Amino acid sequence: MPSHSKHLPNGNRITDELAMGLLAKTYPTEKVKSILQKQGRASQRDRELPAHLMVYFVMGLGLWMGASCREVLRCLLVGVQLAARA
């Protein structure tokens, strides 16, 4: 049964933001950047949403298929910030 939710279940949950941070810890940024570089897909310029963050974004879209892209992006950015502080 398809879900028509535009937001993550139960609104904003810290666990959703932590899950995105765990993606960054499980798949280290340097490893993701290295793979992108080997495939010729690394960012060519400094951007607000570089290629390695797009990888995490796509993973998040898969985790929360019923959520809006904006909500997944918000969780990604908060989760990465939380992971960077740890």
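The values are calculated or read from the model by the stated rules, or taken from the named source; none is laboratory data. Everything numeric here is computed off the predicted structure, so don't read it as measured data. Heads up, the Cβs are rebuilt from the backbone with ideal geometry, glycines too, and the neighbour counts pull from every protein chain shown. Each accessible area value is taken on the protein alone, full model and side chains, heavy atoms only, with ligands, DNA and RNA left out. Shrake-Rupley method; radii C 1.70, N 1.55, O 1.52, S 1.80 Å.
Structure values in brief
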item: Residue that is nearest to residue 76 (Cα to Cα) [pool: residues in segment 30-52 that are in a loop (DSSP other than H, G, I, E, B) and open to solvent by 100 Å² or more (accessible area, probe 1.4 Å)]; result: 48
item: Filter result for residue 18 (modelled with pLDDT under 85 and touching a Phe, Trp or Tyr at 6+ places or on another chain (Cβ under 6 Å)); result: no
